[in-house]
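All of the numbers you see were taken from the coordinates with simple rules; none came from a lab. The structure displayed is predicted, hence computed values, not measured ones. Don't worry about glycine lacking a Cβ; one is built from the backbone with ideal geometry, like all the others, and counts go over all protein chains shown.
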Amino acid sequence: MAPMVNAAGGRGSVVSVIIPCFNAAATLPECLDSVFGQDRPPDEVLLMDDGSTDETAAIAQRYGARLRFVSQPRQGPGAARNAAVRLARGDVIGFLDADDLWPSDSLRCRLAVLEADPDVAAVTGLVEHFRAETAGRQGGRRLPPVQKVRIVCAMLVRRTVFDRIGWFDASDRLGEQFDWVARLADSGLRVAELDQIVWRRRVHDRNIGTRLRDQRGEYLHILKEMLDRRRALAG
Amino acid sequence: MDRQFHINSPSVMGEDIDGEVVIMNLATGHYFSTQETGRLIWLWIAQRDGTALILRRLAARFEAPADVLAAALEAFITRLLAFQLIVEGAPDSAQAEIAVVAAPERLAFAPPELAVYTDMQDMLLLDPMDDVDEVGWPSAAPRRPAGPEGPNRMVAG
């Protein structure tokens, strides 16, 4: 694989943005526009299509060569993220879901933290929730407008983190990000937190958590695995 | 005085996994763990046993004075209430009819403990919790099976 030259002409980090996607044509253009509209542009944008049957491919085509479009049979968001990380050329990886947005300074501000301190493995910040028209009457009613968050979608991560803590859970259960973040927390790697909005999360009737509300028990199994892992580490 | 509680669903879920009850409160972002005596009490509360019946179950299983068992149960319930994991409901007088069979050999009593964790709060609070009802939730109150020891079968052994 040929080395990439980054947006600064070769100096500093090479940033790959990974957007896993499944039938998100309705929100994808806004998502992609927010990524390409960053005031520090990403060096690679990888749209990892997970078996979409909607207009995703046609939308991707509109963005031309600056968007790397890869499609795979449906395997779930964890498997799609793993496949995309393996393909990514950057040494820094940013994740965004196809229904969400980045504020225009999100990448630059998080990258500045990574580049200033080699001991920082990942950078996160605040999420701002906004309601889509499809959120329904009560959609997201319990969510605070802005909150601190360590979820993958808000993180900019060094590629080497995956060598240290492993891949996303590819079993397609609810909470695969949850499991990965828990492993990151247990690894001892430093995660810096910015006190600014780095991720705008759309609350609507198709959020994974909303669609799979009857599978939330899977969170409990992830928590149990986490407790067992920590006990084993503590000896 | 007999009091009855139930799980504060839908924001609270708990599941018995390999001998440990793991509980999460999606409204506060806290999660919890309880084992042994605490696990038993949680499972009894989940099947809507009142405190009088729970005390009889504890006395049948553990070697300890009644006042020790009552104080431990009250302290544990106070803690569950403080973390909004359970809510009080109307007592079920029919539970007085439920027979509890003493274990052949009662065990030493260890007070119930509830471990509280806050380190995943930001993740748990992200859950949209939209329009959720109790259908499909693992800890939705089970229907009480028929038979004098029916409810206890859930935690037999």
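Using +1 at the Cβ of each Lys and Arg and -1 at the Cβ of each Asp and Glu in the protein assembly as shown, identify which of B:A110, A:L126, B:M13 lies farthest towards the dipole's positive end.
A:L126
Provide the descending list of Cα extents for region A:1-142 along its principal axes, expressed in whole angstroms.
Largest to smallest, the principal-axis extents are 47, 34, 25 Å.
Show me the ranking of peptides A:186-193, B:36-43 by mean Cβ neighbours inside 10 Å, starting with the highest.
B:36-43, A:186-193
Residues with amide H under 5 Å of A:V149's amide H, sequence separation 5 or more or different chain, H placed in the peptide plane at 1.01 Å from N; which?
Distant-sequence amide H within range of A:V149: A:G125, A:V127.
Tell me the net charge near B:Q121. Cut-off is 11 Å between Cβ atoms, B:Q121 excluded, with +1 for each Lys or Arg and -1 for each Asp or Glu.
0
Is there a simple number for the mean count of other chain Cβ atoms within 10 Å of the Cβ of residues in A:220-229, and what is it?
Across the residues of A:220-229, the mean count of other-chain Cβ atoms within 10 Å is 6.
Would you mind telling me the antiparallel percentage of the DSSP bridges in region A:15-234, rounded to 5?
The antiparallel fraction comes to roughly 30 percent.
Would you kindly give the portion of the calculated P(r) for the protein assembly as shown that falls above 39 Å, as a percent of all Cα pairs?
29 percent
Between A:L107, A:P145, A:L96, whose Cα lies farthest towards the positive end of the dipole of the protein assembly as shown when Lys and Arg beta carbons carry +1 and Asp and Glu beta carbons carry -1, centred on the Cα centre?
A:L107
Return the Cα extents of region B:4-120 along principal axes one, two and three, sorted largest first, each rounded to a whole Å.
42, 30, 24
Counting Lys +1, Arg +1, Asp -1, Glu -1, what net charge surrounds B:Q35 among other residues with beta carbon under 14 Å of its beta carbon?
Charge balance near B:Q35 sits at -4.
Using the number of other C-beta atoms within 10 angstrom as an exposure proxy, rank A:V181, A:V35 with the fewest first.
Listing A:V181, A:V35 from fewest to most nearby Cβ atoms yields A:V35, A:V181.
Mind listing the Cα extents of region A:5-50 along all three principal axes, in Å, largest one first?
Here the Cα extents, ordered largest to smallest, are 37, 20, 9 Å.
Per DSSP helix of 4 or more residues, -39500 (n - 2.57); summed, then divided by the residues of chain A. What does that give at 222 nm, rounded to the nearest 500?
So the helix-based figure for chain A works out to -9500 deg cm²/dmol.
Roughly how many whole Å is it from the C-alpha centroid of region A:12-76 to that of region B:1-47?
42 Å
Mind checking B:116-123 for the average number of partner chain beta-carbons within 10 Å of each residue's beta-carbon?
Mean number of neighbouring Cβ atoms from other chains: 6.
Please report the orientation-averaged projected area of region A:15-234, defined via the convex hull of its C-alpha atoms, in nm².
11.9 nm²
Roughly how crowded by other chains is peptide B:18-27, in terms of the mean Cβ count from those chains within 10 Å of each of its Cβ atoms?
The shielding value for this peptide is 3.
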